[in-house]
Structure formats: structure tokens, C-alpha cells
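See structure below.
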Amino acid sequence: MSRMVVCVKLKKEAEGLERPTYPGDLGKRIFDNVSKEAWQLWLRQQTMLINEYRLSPVDPKARKFLEEQMDKFFFGDGSVAPPDYKPQ
């Protein structure tokens, strides 16, 4: 049986992640409070941020920025798109 969580992003009970997807305290909060569906939404948001800001995931500044955006996406007021971003 799958693990269920009350997802902070979707505001409903949904299937939880199978394993932690991120290290540290933020990763624990995500594992405990974020659904698989919401995690997929984050992955799309993260991809957009990487592409629009031309970030390199190996750059420590880029990783810090993405971590801050992830925290905002799930637990804050939401991660925002870059000012010039136009969805396709």
C-alpha cells in the first residue's frame, strides 16, 4: 500500500513520495508533507528555472537559489517565474 500524506502544495490527501528526494531538513519536510503529484509539479518548475536563468546545477550559487525556490514552492508563497518568462 502506498504511503499517504496531506500535501501542503495540493491541500489534500495524496500518495506520498516513496523515498526522500532531497537531503537535510528540507528533504525531510518534503518527504513528510509533499505528494508525488506535487513533486512532479516542482520538477517542471525547477526545469523552467534552470532553463530560463541558464543555471548550472553544479554551481553552488545555482543550487542555493533552487533550494530557496523549492522551499518557497512548497512551504512559502510559491516560486515565481522569471520576469520575461512566457509559457508556451
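The values are calculated or read from the model by the stated rules, or taken from the named source; none is laboratory data. These numbers come from a predicted model, not from an experiment. When we count neighbours, we look across all protein chains shown, and the Cβ atoms used for this are built from the backbone with ideal geometry, even at glycine.
Miscellaneous remarks
The rows are residues; the columns are (1) at pLDDT 95 or above; (2) within 17 Å of Phe65 (Cα to Cα); (3) not polar (S, T, N, Q).
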{"site": "Lys12", "(1), (2), (3)": "yes, no, yes"}
{"site": "Glu15", "(1), (2), (3)": "yes, no, yes"}
{"site": "Glu18", "(1), (2), (3)": "yes, no, yes"}
{"site": "Lys28", "(1), (2), (3)": "yes, no, yes"}
{"site": "Lys36", "(1), (2), (3)": "yes, no, yes"}
{"site": "Trp42", "(1), (2), (3)": "yes, yes, yes"}
{"site": "Gln46", "(1), (2), (3)": "yes, yes, no"}
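- Any hit, segment 25-36, residues being part of a helix (DSSP H, G or I), closer than 16 Å to Cys7 by Cα, among the small types (Gly, Ala, Ser) and in contact with a Cys (Cβ under 6 Å, 6 or more places away or on another chain): no
- If you check Ser79, Ser56 for being touching a residue at least 12 places away in the same chain (Cβ under 8 Å) and of a type in the set (S, T, N, Q), only one passes: Ser79.
- Filtered residues of segment 4-24 (kept if surrounded by fewer than 13 Cβ atoms within 10 Å (Cβ to Cβ), in a loop (DSSP other than H, G, I, E, B) and basic (Lys, Arg)): Lys11, Arg19
- Note on segment 40-77: residues that are outside any helix (DSSP H, G or I) and surrounded by 12 or more Cβ atoms within 10 Å (Cβ to Cβ) amount to 1.
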